[in-house]
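Notes follow once the structure below has been shown.
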Amino acid sequence: MAIIQDNTFKPNILFKNKHVNTLYRHFAFKTRIHYIRERIETKDKDFLDLDKSLQNSDKLILAIHGLEGSANSNYIQSLVYSANKKKYDVIAINLRGCSGEPNKTLASYHSGKTEDLLDVIQYINKHYSYKEIHIVGYSLGGNLTLKFMGEYAEKLPENISCAVAVSTPCDLQATALKLSKGFNKLYEFDFLLSLRKKSKEKFLQFPYHKLDEKKVLNSKTFKDFDHYFTAATNGFKDAEDYWQKSSCKQFLPYINKPSLLISALDDPFLSKNSYPFKEAENHKQFHFLPTKYGGHVGFYKNFSVKKNTWLDDTVLNFIESNSNL
C-alpha cells in the first residue's frame, strides 16, 4: 500500500484551523531569494521565464507554483532556501503570464498545460548537464506535475528521478465547486480579481479577440471564468471539458517513477473526490501522504517561521530517498 501514515505533523490548537494555516504561510516566510532569470521560447513562439538559484550542483529541483503564483510565492522561496542549503540547484518556473509580463498569446497557463513543462525540461537537458531532475509542484503546479508524470510516463527523460506534489486539486471540477461555497468564496473572489485583471490586459493586447469580453470580466465563479476564458482560449468545449481533461487523477495509474502527494485532509480547496486514496492503494510508484491538519499549502505548526520546516523537510527527504547521487 502506497498510502503513508504520518504522525510527525502536530500543529498547536490555533494552527489546527484550516484557514489560519492556509493564510499564515502567505505572510510568514520573509527570506527573499536572489534569482537569475532566464527566458526560454516555447514551441508555439511564446516564452517562459525561469528563475534560477544555483549551487553548482549536478542535481536540480524544478519548482512549479500554484494559481496566480510565481517564483516569488512564499512557498516556492521557502523550498528554494531549504534546497539550496542542501546544495541542490533550483529552477522555479513562472508559468505563462506569471513573471510580471504578459505572455505573447491570448491563452496563458492552465492546470493541464503539461506541454510547457516538457518544453522546460527539454531546454534544461539541452543546455545543462544535470544527472538528476526532481519536480516539485504546489496546488495547480502539483496537478501539472502529477499529470505530467502519468501522461508522459513512457517518454520521460532518464534523468527525471522523482516528483512531489503539494495540496493538489486532483479533481478540478470538485475543487471549483468547493471554492464556490461558503467561506471558500473569499478565496475564489481573490483569485478571480487577479484573473479578471489579467484577462482585461489580454483584451487590450489582442483587440480583435472573439471572446465574450463582458462575461469574462463579470465572472463570479471559476466555472464562469473557465468557461468563457480558459476553455475558450485553449481549445476546450467548456469548463467541464477543461476540468475533465486536465485533472491529474486519471493519469495517476500510469506513473512509473517515484512520486509523492502531500495533502491535508482539512484543505479548504479540496473535497472528498480530490483525495486519491483509491489510486494510491497498492501503487508501486505513487505515494499519498494525507495529514489531518495543514490547510492549503500551509503545514505550519505554530508562529515560529524558522522552526516550521515540516513541509520542506518532507519534500526534500522524499527527494533524497530517491536520489542515486
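For this structure, a couple of remarks:
- Verdict on residue 89 being farther than 25 Å from residue 26 by Cβ and in contact with a Lys or Arg (Cβ under 6 Å, 6 or more places away or on another chain): no
- Count of the stretch 191-210 residues which are without any contact (Cβ under 8 Å) to a residue 60 or more places away in the chain and either surrounded by 13 or more Cβ atoms within 10 Å (Cβ to Cβ) or assigned by TED's automatic domain parsing to the domain that holds residue 67 (or both): 5
- Evaluation of residue 127 against (1) within 29 Å of residue 232 (Cβ to Cβ); (2) more than 15 Å from the chain's Cα centre (by Cα); (3) not basic (Lys, Arg) (one fails), failing number: (1)
- Between 195, 204, the distinction of being in a helix (DSSP H, G or I) and either over 18 Å from residue 105 (Cα atoms) or under 20 Å from the mean Cα position of the chain (by Cα) (or both) belongs to 195 only.
- Looking at the stretch 213-270, the helices (runs of 4 or more DSSP H) lying wholly inside it that each contain 1 or more residues that are under 27 Å from residue 299 (Cα atoms) sit at 222-225, 239-246.
- Filtered residues of the stretch 24-53 (kept if free of Cβ contacts under 8 Å to residues at least 60 places away in the same chain, surrounded by 12 or more Cβ atoms within 10 Å (Cβ to Cβ) and over 21 Å from residue 88 (Cα atoms)): 26, 41, 46, 47
- Candidate set: the stretch 147-190, residues that are surrounded by fewer than 18 Cβ atoms within 10 Å (Cβ to Cβ) and among the aromatic types (Phe, Trp, Tyr); chosen: the one modelled with the lowest pLDDT: 183
The values are calculated or read from the model by the stated rules, or taken from the named source; none is laboratory data. On a predicted model such as this, the values are computed, not experimentally measured, just so you know. Glycine also receives a Cβ, built like all others from the backbone with ideal geometry; neighbour counts cover every protein chain displayed.
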